[in-house]
Amino acid sequence: MPVGLFMWVPTEGSKVEIWRFMIDKKYQNHGIGRLALTLAVQKIALDSQIKIIEICYDPKNIIARNFYLSYGFQEIGMDTDNEEMLAILTI
């Protein structure tokens, strides 16, 4: 049974952008998100040209922020519209 969605897009150069990463609320806090992110990072890392994974999130979403930072993402600042925080993971 699907419980979420994960979508990433390669960009120019050595970066992949995660465009969507959602786990249904009733399935959160069961380790599914961390497992999904781990599997996605492993799959992305199969492309030896990819060195950076980028994600963005609402800076007011403390749960998302803490999750990504605990995984090893580093915040690099706000996006060009100054609406979402950008964070990167170097692989």
Taking residue 43, is it open to solvent by 50 Å² or more (accessible area, probe 1.4 Å) and modelled with pLDDT under 95? no
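Looking only at the range 13-37, how many residues end up being more than 15 Å from residue 88 (Cβ to Cβ) and exposed (fewer than 12 other Cβ atoms within 10 Å of the Cβ)?
Of all residues in the range 13-37, those more than 15 Å from residue 88 (Cβ to Cβ) come to 20, 22-36.
Right, trim to exposed (fewer than 12 other Cβ atoms within 10 Å of the Cβ) and you get 20, 25-26, 29-31, 35.
Result for the range 13-37: 7.
Determine, yes or no, whether residue 3 is surrounded by 13 or more Cβ atoms within 10 Å (Cβ to Cβ) and touching a helix residue (DSSP H, G or I) at 6+ places or on another chain (Cβ under 6 Å). Talk me through it step by step, then tell me what you get.
Numbers: surrounded by 13 or more Cβ atoms within 10 Å (Cβ to Cβ): yes; touching a helix residue (DSSP H, G or I) at 6+ places or on another chain (Cβ under 6 Å): yes.
In short, yes.
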Applying the selection to the range 71-86, what residues are in a strand (DSSP E or B), farther than 15 Å from residue 11 by Cβ and within 12 Å of the chain's Cα centre (by Cα)? 74, 75, 85
Within the range 54-69, does at least one residue satisfy the condition of being within 12 Å of the chain's Cα centre (by Cα), aromatic (Phe, Trp, Tyr), under 17 Å from residue 91 (Cα atoms) and open to solvent by less than 80 Å² (accessible area, probe 1.4 Å)? yes
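The values are calculated or read from the model by the stated rules, or taken from the named source; none is laboratory data. Bear in mind that the values here come from a model prediction, so they are computed numbers and not experimental data. Ideal geometry is used to build each Cβ from the backbone, glycine not excepted, and the neighbour counts take in all protein chains shown. The area values use the complete protein model at the heavy-atom level, side chains included, leaving out ligands, DNA and RNA. Shrake-Rupley method; radii C 1.70, N 1.55, O 1.52, S 1.80 Å.
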